[in-house]
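Shown next, in structure tokens, is the structure this report addresses.
The values are calculated or read from the model by the stated rules, or taken from the named source; none is laboratory data. All values reported here derive from a predicted model rather than from experimental measurement. Because the Cβ atoms are built from the backbone with ideal geometry, glycine has one as well, and the counts that use them run over all protein chains shown.
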Amino acid sequence: MPTGASAALVEALATSRAMTGLRVRHFVPLARGPLGERPITVDQTNTSVVVGERVVVKWMRPAAGAVFLDRAPDLLAHLVAGGFTRTPTPYAAVYRDGPDAGLAALVTRFLPDAADGWDWCVDALLDQLDGGPPADLAGDLGVLAGELHCALATPSGIIPAPVEVRRRDWVTDGLAVLDQAHRFVGAAGDEEARWFTARVPRLAADIRRSREVDRAYVIPPHGDLHVGQILRWRDGLAVTDFDGNPTVAAPGGAPTEPAARDVAQLRTSLLHVGQIADRRTEGRHRSAVADWCRRVVDDLLAAYLRTLDERGMAHLFDERLLRPFEVEQECRELCYAARFLPRWRYAPMGVLRSWYD
């Protein structure tokens, strides 16, 4: 994106100036302010630029814009309508016209001193392993996830009926992901490939457990809820990035999913935090990391369920789907590693070994 484009977009939004070839969907009014630019350099699918240390412009890749079209803007508008404030304030969605028509950019508030969970969660665990305070972060994550799901499940003018009861064949989809992961891992021909192949029947059996659920409540999910989407900033925690799961074939992920889908991904991402910490400490604290992992997934789930129950929405969560979805998610992580980030394979493989060894 050319230098100055993000600042020009922010100024145009603040002054209600029309932009050639672009259409704007406004959420919350944006005031004028400083226009200096700097890029956000962490790994991400799209390109984000901070403008004036107060606004973030996330430019969508043209292909991604066409695929995700209205998913994130609709969810953000739905959350704004319901009064949910634990996400960076959304100001506008900007669409391009013409042959590349689609979502061009999302404009949101910049959160001062923000770090995503791949930094602050990992640092908290490393501090604990080095003799610092306990990394007791899972309860706060569970509360945030519960509050988010309650907000997503509350009707608004954008999504009048967000909760439905649906039948779906989760087994077929899960086994297809397992088969794909098996092909990717098996192609390596190494010890991990042999280990994975030997355990495919057990993985498949756990995925098939979702057949116990013939119908379930579904909601518009976050769609890609891992710790990297949870920002810790000056005023607490906020959830971001509603674009959907890049490893799911359906555009933006399925439009509705059981709440257990998001919970499964968030819990497994905490286990990935453990794998990262174990690697960075060269296995010196493996037992302590394993204990932490066992505890945090339970703490997260307990806080999440308590939050749903306090808001009268306990029916949204069916725990019978949790392990099948967790196994499927780790298979998706293996597919993601094979396609985009080979060095990441150790994390989902480490989690699977902790479950099946």
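Looking across the range 112-138, the residues that are without any contact (Cβ under 8 Å) to a residue 24 or more places away in the chain and either loosely packed, with under 13 Cβ neighbours inside 10 Å or of a type in the set (S, T, N, Q) (or both) come down to Asp130, Gly131, Gly132, Pro133, Pro134.
Evaluation of Gly131 against the conditions (1) at pLDDT below 95; (2) on the phi > 0 side of the Ramachandran plot shows that the sole unmet condition is (1).
Of the helices (runs of 4 or more DSSP H) lying entirely inside the range 121-222, those carrying at least 2 residues that are assigned by TED's automatic domain parsing to the domain that holds Cys335, in contact with a strand residue (DSSP E or B) (Cβ under 8 Å, 6 or more places away or on another chain) and under 30 Å from Thr307 (Cβ atoms) are 138-152. Of the numbered conditions (1) within 21 Å of Arg339 (Cβ to Cβ); (2) crowded, with 22+ Cβ neighbours inside 10 Å; (3) modelled with pLDDT of 95 or more, Ile276 fails exactly one; give the number of that condition. With respect to (1) within 21 Å of Arg339 (Cβ to Cβ); (2) crowded, with 22+ Cβ neighbours inside 10 Å; (3) modelled with pLDDT of 95 or more, Ile276 is out only on (2).
You will find that of Gly228, Gly236, Gly244, the residue that is surrounded by fewer than 21 Cβ atoms within 10 Å (Cβ to Cβ) and within 13 Å of the chain's Cα centre (by Cα) is Gly228 and no other.
Return the residues of the range 18-61 that are hydroxyl-bearing (Ser, Thr, Tyr) and free of Cβ contacts under 8 Å to residues at least 24 places away in the same chain; say none if nothing qualifies. Within the range 18-61, Thr20, Thr41, Ser48 meet the criteria.
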